[in-house]
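Only one structure is covered here, and it is reproduced in the block below.
The values are calculated or read from the model by the stated rules, or taken from the named source; none is laboratory data. Values in this document were obtained by computation on a predicted structure and should not be read as measured data. As a convention, Cβ positions derive from the backbone with ideal geometry for all residues, glycine included, and neighbour counts pool all protein chains shown. These area figures cover heavy atoms from the full protein model, side chains too; ligands, DNA and RNA do not enter into them. Shrake-Rupley method; radii C 1.70, N 1.55, O 1.52, S 1.80 Å.
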Amino acid sequence: MGAGSTPGADLPEHPSFLWRNVAPKKHYDVVIIGGGGHGLATAYYLAKNHGITNVAVLEKGWLAGGNMARNTTIIRSNYLWDESVGIYEHSLKLWETLDDELDYPILFSQRGVLNLAHSLQDVRDSVRRVNANRLNGVDAEWVDPQQVKELCPIVNISQDVRYPVLGATYQPRAGIAKHDYVAWGFARAADAMGVDLIQDCEVTGIETVGGRVSAVRTNRGTIGAGRVALCAAGHSSVLAEMVGLELPIQSHPLQALVSELLEPVHPTVVMSNAVHVYVSQAHKGELVMGAGIDSYNGYGQRGAFHIIERQMAAALELFPVFARAHLLRTWAGIVDTTPDASPIVSLTPVDDLYVNCGWGTGGFKATPGIGWCFADTLAHGRSHPLTAAFTLERFTSGALVDEHGAAAVAH
């Protein structure tokens with residue numbers, strides 16, 4: 001590999017200053033718990049769209065060190081139901097101009113996403129989803145095995161394998177972005193408008209007065225709050241329990257891995273629910289692979305070898321060319337999954353306490369869209385029209401939004 005093609009050599013430099021490190025004030029109009037993508041995007045749009053800048057984002061570790069740093073960065077909007085398409089397509093449209101919006105490079109690469117079908121039932125379900133997507137104005141196509149090969153030449157389309165490729169859905173506008181750049185872009189822009197980003201600040205309790213949230217207790221003291229927003233993904237149930245609220249979510253480790261740096265070989269994103277793997281090639285050249293969740297509940301951000309073994313076996317079945325690639329590192333994020341594989345974006349029984357969780361594997365792709373909508377909810381004290389179907393009440397009313405078929409392999 002020549003010096004001119006050094007992986008990552010074309011990535012932009014970062015400015016020397018991104019955000020202030022401040023001590024928490026005694027009171028904020030809005031306290032957001034969780035300094036990942038959703039928390040940072042919510043803070044940004046609170047300031048940008050609603051002029052609410054007396055806002056703190058509290059992060060127990062470092063900004064974007066949780067799921068934001070641990071996902072596979074796939075962005076798409078081709079979900080089945082109208083409610084899901086509404087929020088994910090809104091988000092995808094924001095992704096398309098986010099570089100300019102934040103005045104920061106996020107490296108959004110619209111390289112397309114293939115969702116493979118391996119059985120006749122897969123084909124029927126996938127074609128139905130393509131038709132539903134088109135009715136909702138989403139760029140969705142059904143492609144046959146040869147077209148899959150044309151879009152991604154390294155996919156094995158031989159019919160003499162355990163799960164032959166019978167076709168795929170394809171969304172050309174889908175793609176990937178550089179997750180840390182996205183977080184830093186939102187953080188920098190929010191900070192510039194006066195939002196306080198407070199790291200190493202773990203919330204240890206939530207105080208209420210007369211059924212209304214009043215403050216959060218942290219390892220850096222008690223912070224008064226007019227409104228509190230939970231944006232802590234897999235740890236949301238831990239926070240909700242502080243006010244006696246039981247959320248209908250389960251937290252699981254979800255592993256991912258990257259290979260060594262390779263020359264460009266994988267031009268798109270390929271997902272397979274049946275084979276249980278999704279693969280893209282990152283900007284620097286690593287192959288990024290994800291798989292299904294670990295079946296046990298837990299908060300451990302580390303991998304297990306039996307999961308990696310299954311993940312690699314699945315990848316090799318679809319991509320025999322990967323056989324000589326070396327595994328570089330693995331990790332796990334903590335995904336929060338709901339009974340219907342759709343998120344919870346809702347007011348709660350505690351006045352002025354709001355929750356945004358349950359995204360499972362959909363969290364990264366929804367980042368700008370949910371930031372926009374959740375900020376609107378916090379500003380006005382009611383659900384945004386694009387998230388009105390995702391309240392807590394649906395688990396008692398039965399009005400579920402069942403996205404198990406299109407949500408990805410990790411639900």
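Computed quantities for the displayed model
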{"quantity": "Selected from Asn133, Asn156, Asn49 as most flexible by GNM, with the chain as the system and alpha-carbon contacts under 10 Å", "calculated": "Asn49"}
{"quantity": "Assigned charges on the beta-carbon of Lys, Arg, Asp, Glu; segment 93-217 dipole about Cα centre (debye)", "calculated": "560 debye"}
{"quantity": "Under 11 Å, Cβ to Cβ, from Pro248 - net charge with Lys/Arg +1 and Asp/Glu -1", "calculated": "-2"}
{"quantity": "Kirkwood Rh in Å, taken over all unlike Cα pairs in segment 138-291", "calculated": "20.0 Å"}
{"quantity": "Cleavage-rule hits (trypsin sites (Lys or Arg not before Pro)) in segment 159-229: DSSP loop, at most 12 neighbouring Cβ within 10 angstrom", "calculated": "Arg162"}
{"quantity": "Computed Rg/Rh of the chain, alpha carbon atoms with Kirkwood Rh", "calculated": "0.97"}
{"quantity": "Solvent-free Debye scattering, log10 I(q)/I(0), computed from the Cα coordinates of segment 268-411 at q = 0.12, 0.14, 0.16, 0.21 Å⁻¹", "calculated": "-0.61, -0.78, -0.94, -1.30"}
{"quantity": "Listed pairs Lys60/Lys365; Lys178/Lys284; Lys26/Lys60; Lys26/Lys48 exceeding 21 Å between Cα atoms", "calculated": "Lys60/Lys365; Lys26/Lys48"}
{"quantity": "Integer Hz, Karplus 6.51/-1.76/1.60 couplings in order for segment 351-360, x for Gly and Pro", "calculated": "4, 6, 10, 10, 10, 9, 7, x, 7, x"}
{"quantity": "Of Gly86, Gly371, Gly221, the one that fluctuates the most in a GNM where the chain has Cα springs shorter than 10 Å", "calculated": "Gly221"}
{"quantity": "Residue-normalised accessible area of the chain, expressed per residue, 1.4 Å probe, Å²", "calculated": "40 Å²"}
{"quantity": "Local net charge near Gly369, Cβ-Cβ under 9 Å (Lys/Arg +1, Asp/Glu -1)", "calculated": "+1"}
{"quantity": "Average Cα contact separation per residue, the chain, under 8 Å, 6 or more apart, as relative contact order %", "calculated": "23 percent"}
{"quantity": "GNM flexibility winner over the chain from Asn356, Asn297, Asn115 (Cα, springs under 10 Å)", "calculated": "Asn297"}
{"quantity": "Reachable aspartates and glutamates from Lys93, criterion Cα separation under 15 angstrom, eight or more residues apart if same chain", "calculated": "Glu101, Asp139"}
{"quantity": "Accessible carbon and sulfur surface of the chain relative to its total accessible area, %, 1.4 Å", "calculated": "52 percent"}
{"quantity": "Computed [θ] at 222 nm, deg cm²/dmol, the chain (DSSP H ≥ 4; -39,500 (n - 2.57); rounded to nearest 500)", "calculated": "-8000 deg cm²/dmol"}
